[in-house]
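Readers should treat all values here as calculations from the given coordinates under stated rules, not as data from a laboratory. Quick caveat, the model's predicted, so the values are computed rather than measured. Here the Cβ positions follow ideal geometry from the backbone for every residue, glycine too, while neighbour counts run over all protein chains shown.
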Amino acid sequence: MRALRNWFTRECGQSIVIVVVSIALLCGIAALVVDIGQVTVTQGQLQNAADAAALAAAKSLPDVTAAKNAAKQYAELNGVDTVNTTATTPYNGNASKIEVVCTRTVQYTFARVIGLNSTVVSARAVAQKSNANGAFGYALFSGGVNSLLGLYTDSFDVTGSVHSNYTLQMNGSTQKVSGDMESVSSFSSSVANLTIGGTCQGSSIQINGDASKINVPTRVQSPAAVITMPTFWQDIKNEATAAGTAYMINSWETKLLNGNAINVDSSIYSSGAIQIAACSFSGQGSICAEKNIQLAGNAIKNNSSASVCIYSVNGDISFSTSGLTIYGTLYAPNGTIGIYANNITIYGRVIAKNILITGSNVKIISGANDLDFMPGGTISLCE
């Protein structure tokens, strides 16, 4: 009997030890689950706050002060104190990007028993104002993958860069491009006086003419990247509908815009065609037609702060008269922009599926404020 009691005593003692160790282990697991879960939830909240703050801030770029203030404001709206939010722009030297970092200290509950009181959790996001990139990053852009970009003009001057998703050909007496000249396929030139300030790139490069009159110092014989064109006409239609500036006409009908001080802060939309004759614009927005757009008269202007996009969704944009000065960006992602007239000056950008320029004395001058009309969809997270 004594031996039996001793055996039970030993077994009970061992069981108590096992139970105590098991309880301690379970408490440790509970601490791990609860505290790590708290850290994980906080991490998700901070990431959402950082994403929202970065996207909101990018809309104000390149205004550094406004972008940083927007970042802190939107982070605070998502539960992060301004002192715990850091915004950095330019980011890695890029003025079109902003980095936002949000931090928070998480106090542990159960992990204190093992000497861990708290940890610092952080999340970061980088957003960019992408209207400085892509198709709208060029002064002259041809997006058709089987469409020739043809520049057949005696006098042609581009301030900015040129890109073709297919073949690029130049022919004339004097042509100048201040930026890059890019072609996904071949590049060929028979221009008497040719200057390309940036890189000339194509799967093959053929430049004919007197070498003393050819100034193309940097040549890269490899295909340029194919670049897609964005679609935002539905945003324009929705905005115009809400503002009462949407004209729902038959597809064969034409809406005439002819007058002074047409405000495009509320964009203008036509389900048919549009003719623009000797107009002046104010504000920032778009004039959009489902079908063709014809430019007439001798001037289509805006004030110094205006940013206007003339956008044909499924049609062409054409010029009917020479001596035309245009302030705005021309966009025909599914059609052709043909400049067949002489003495044409465009303060903006020309972007289309197909582009053909045969008129003489054509100038395209891109500027920093050309793209202010772009809707917010051009803001995106990149990291």
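Among 255/291; 213/353; 237/291; 213/363, which pairs are too far apart, with a Cα-Cα distance over 22 Å?
Numbers: 255/291 11 Å; 213/353 31 Å; 237/291 14 Å; 213/363 20 Å.
Pairs exceeding the cut-off: 213/353.
If you rank 212, 178 by fewest surrounding Cβ atoms within 10 Å, what's the result? Could the numbers behind the result be given before it?
Working: 212 7, 178 17.
If I rank by nearby Cβ atoms, fewest first, I get 212, 178.
Can you sort 153, 245 from fewest to most other Cβ atoms within 10 Å of each residue's own Cβ? Walk me through the numbers on the way to the answer.
Values: 153 24, 245 20.
Result, fewest neighbours first: 245, 153.
Along Cα→Cβ, 7 Å out, is where each label goes; now give me the distance between the ones at residue 238 and residue 368 in nm to one decimal.
Going from the residue 238 label point to the residue 368 one covers 3.1 nm.
Where a Cα-Cα gap under 16 Å defines reach, which aspartates and glutamates qualify for residue 68, not counting those fewer than 8 residues away within the same chain?
51, 76, 81, 99
Given a Förster radius of 51 Å and the C-beta distance between residue 107 and residue 314 as r, what FRET efficiency does 1/(1 + (r/R0)^6) yield to the nearest 0.05? List each step's numbers first, then the result.
Numbers: r = 59 Å, r/R0 = 1.16.
It comes out at approximately 0.30.
Grab the Cα-Cα distance for residue 250 and residue 203, subtract it from 0.36 nm times how many residues apart they are, and report the gain in nm with one decimal. Don't skip to the answer; put the middle values down first.
On the way: separation 47, 0.36 × 47 = 16.92 nm, distance 4.43 nm.
12.5 nm is the gain from fully extending residue 250 to residue 203.
For the pair residue 263/residue 41, report the inter-label distance in nm, with labels modelled 7 Å from Cα in the Cβ direction.
4.9 nm
Which of 243, 310, 145 sits farthest toward the positive end of the charge dipole of region 134-381, with +1 on the Cβ of Lys and Arg and -1 on the Cβ of Asp and Glu?
145
Could you compute the net charge surrounding residue 118? Neighbours are other residues with a C-beta less than 12 Å from the C-beta of residue 118; K and R count +1, D and E count -1.
+1
Evaluate the Debye formula for region 143-219 with equal point scatterers sitting on the alpha carbons, no solvent, and hand back log10 of I(q)/I(0) at q = 0.11, 0.13, 0.28 Å⁻¹, in q order, two decimals.
With no solvent term, the Cα-only Debye profile gives -0.22, -0.31, -1.53.
Quick one: if the Förster radius is 35 Å, what FRET efficiency do residue 152 and residue 95 give, using the C-beta to C-beta distance and rounding to 0.05? Please list the in-between numbers first.
On the way: r = 36 Å, r/R0 = 1.04.
The calculated FRET efficiency here is 0.45.
Give the residue list of chymotrypsin sites (Phe, Trp or Tyr not before Pro) in region 219-264 that are DSSP loop and have at most 16 other beta-carbon atoms within 10 angstrom. Mind showing how you got there, number by number?
Working: sites: 232, 233, 247, 252; in loops: 232, 252.
Answer in residue order: 252.
Measure off 7 Å from each Cα along the Cα-to-Cβ vector at residue 73 and residue 116, then give the distance between these two points in nanometres to one decimal.
3.9 nm
Report the gain in length on full extension from residue 188 to residue 334: 0.36 nm times residue separation, minus Cα-Cα distance, nm rounded to one decimal. Kindly include the intermediate steps, with their values, before the conclusion.
On the way: separation 146, 0.36 × 146 = 52.56 nm, distance 2.48 nm.
Extending this stretch completely gives an extra 50.1 nm.
Around residue 220, what is the net charge, scoring Lys/Arg as +1 and Asp/Glu as -1 over all other residues with Cβ under 11 Å from its Cβ? Please list the in-between numbers first.
Numbers: positive: 219; negative: 180, 182.
Neighbour charge sum, excluding residue 220 itself: -1.
Using 0.36 nm times the number of residues separating residue 212 and residue 64, minus their current alpha carbon distance, what extension gain do you get?
Working: separation 148, 0.36 × 148 = 53.28 nm, distance 4.48 nm.
Stretched out fully, the residue 212 to residue 64 stretch lengthens by 48.8 nm.
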